[in-house]
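Let me begin by presenting the structure, written as structure tokens, before commenting on it.
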Amino acid sequence: MKALPLVVVMLLVASPVLGAVGPADGSAQATALDEPAPAQVQSPSNETIHVLDIPSSQLVRATVEPAHVDLGPSLGFAGLDTSGEVQSRASIERIESAGDDSTRQQLILDEINSIEQRAIALQSAQRSAIERFNAGELTARELLVELARIDAEARGLNERRVALRELATETSDFSINSGRLAALERELDTFTGPVRKYAVLVMTGESDTARFSVRTSETGVVLGVVADGEYVREAYRAGLRNRDQSTVSYEEALDIVAESYPTIYSSRAAQNGTNVISAGDSHRVRINYDRGQLTAYVDAGSGRVFKESQTRPLGSIATGAVATEVKDGLALTVDRTYPGGPLRIQLNESGSDDPVDANVTIGLEASQESTLLGHTGTDGTLWTVSPSSPYTITVIKGNSAVVLTTSPTPMPDLVMNTTAEANDSAAMITSTPTESTSSASVGSQGASPGPPAVI
């Protein structure tokens with residue numbers, strides 16, 4: 001599938017859902033493609049929404065971790081915000097009070113160098129956090145805290161980058177290479193994501209408790225959560241990058257995304273449906289479509305999607321992989337999905353089909369423990385993220401109980417990455433996924449054969 005021609009060149013504004021900000025300095029090549037698209041429909045189509053994830057051959061650990069308000073991390077995030085704001089204000093005041101333009105210019109350059117060095121440090125911190133989690137030195141909750149802290153600092157550094165860019169434009173006979181600023185922004189993008197941002201909100205008490213899916217390879221991480229009526233996921237695969245060359249154009253990057261996510265691309269909105277920003281050694285492609293929003297990053301060297309985030313309203317999600325159990329007058333239905341995907345649990349009276357409000361627990365098939373998910377509510381529905389191995393759902397209502405054991409569906413991998421992953425894995429030694437004894441932790445096995453769930 002080929003992308004349609006370039007129509008307009010423009011700058012992007014921040015997305016309120018994903019929190020990614022397009023360069024405002026004119027340094028990046030930003031493209032908006034407004035093209036005729038298929039008519040939008042109210043009901044979901046029976047096509048697969050593909051995702052960037054970790055192949056089973058490279059999966060090291062997978063778990064579903066509940067997160068809640070935590071005083072320790074909360075104070076840490078508050079301190080990080082305060083420290084970053086103080087440092088930014090001090091830097092700006094020092095620049096603004098410089099005695100001459102030469103000193104002012106040097107101070108601006110010094111601050112940009114400082115941000116670039118912090119970006120390198122954040123890259124190391126993220127890699128170390130993943131490695132320690134894989135080695136069992138960090139729990140899933142501790143990994144979430146580390147990634148959330150990195151996210152918060154990266155966002156603060158980007159705000160300082162923007163302030164420095166503005167100071168540079170106000171300085172006589174001085175300019176900063178726009179490509180350098182754009183590349184720095186894209187590098188900071190590497191450490192941010194909508195799931196990490198939501199984890200901060202949960203841990204600081206600004207949002208309700210949630211269950212987070214965490215899946216890791218040696219150098220990659222995939223996170224997912226159901227929150228505020230939406231399913232949100234993010235993935236980062238460092239191993240898919242090639243920073244030694246930059247040969248993929250922004251037109252080719254759009255073609256790569258169109259072929260990797262055929263359903264999303266064919267369902268894009270007719271107006272402002274597709275935007276491309278090229279900066280540094282990657283291209284960011286954002287697509288608004290009839291069932292949500294996708295932001296995909298294409299590496300300019302490897303030509304592979306190495307990072308993505310997706311946000312989808314729960315009302316837009318359908319499934320073709322249903323498991324049902326009926327007992328004691330209760331009908332329990334589970335809309336199965338892929339590991340880390342949006343899992344819908346529905347409870348009704350078997351006779352009248354009326355929705356039933358009851359507590360729901362989940363446990364791994366191989367474990368003797370279970371975890372309380374919550375209750376189904378007046379509509380009989382409860383959403384969560386799917387484990388990565390076979391699991392058991394139990395519902396008890398008074399003297400009635402119904403139990404259902406099932407498995408996640410296969411991963412709907414990116415169309416273009418599937419063949420490439422097979423070629424890559426043939427030449428590598430694979431690691432064995434860790435099976436945790438925690439009721440919320442799972443290994444990589446358990447996806448039943450057959451097509452991916454239709455969502």
Could you work out Rg/(2.2 N^0.38 Å) for the stretch 322-406, with Rg from alpha carbons only? 0.99
Rounded, prolate or oblate, given the Cα gyration tensor of the stretch 145-284, with a/c below 1.5 counting as rounded? oblate
Two-site FRET efficiency, Lys327 against Ala98, from Cβ-Cβ distance with R₀ of 60 Å, rounded to 0.05: 0.20
Sticking with the crude label model, points 7 Å out along Cα→Cβ, report the distance from His375 to Phe174 in nm, one decimal please. 6.2 nm
Would you mind checking which residues have amide H under 5 Å from Ser302's amide H? H placed 1.01 Å from N; only 5 or more apart, or other chain. Asn242
Computed ³J(HN,Hα) along the stretch 135-151: with the Karplus parameters 6.51/-1.76/1.60, θ = phi - 60°, integer Hz and x for glycine or proline, the list is 7, x, 7, 10, 7, 4, 4, 5, 5, 4, 4, 4, 5, 5, 5, 4, 4
Can you list the residues, at least 5 places off or on another chain, whose amide H is less than 5 Å from the amide H of Thr371, using H built in the peptide plane? Ile362, Gly363
Cβ-Cβ FRET estimate between Gln117 and Asn272, R0 fixed at 41 Å, reported to 0.05: 0.65
Beta carbons within 10 angstrom, averaged per residue: use that to sort the peptides 326-333, 245-252, 388-395, highest first. 388-395, 326-333, 245-252
Stretch Glu142-Asp244 to full length: gain in nm at 0.36 nm per residue minus the Cα-Cα span? 33.4 nm
If amide hydrogens are placed 1.01 Å from N in the peptide plane, which non-local residues have theirs closer than 5 Å to the one on Ala401? none
For peptides 101-113, 150-162, 277-289, sequence by mean Cβ density within 10 Å, most packed first: 277-289, 150-162, 101-113
For the stretch 87-102, in residue order, the Karplus 3J(HN,Hα) values (coefficients 6.51, -1.76, 1.60; θ = phi - 60°; whole Hz; Gly and Pro = x) are 5, 5, 4, 5, 5, 5, 5, 5, 5, 5, 8, 4, x, 8, 5, 4
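Where a number appears in this text, it was derived from the coordinates with a stated rule and is not lab data. Predicted, not measured: the structure shown is a model, and the values here were computed from it. Glycine also receives a Cβ, built like all others from the backbone with ideal geometry; neighbour counts cover every protein chain displayed.
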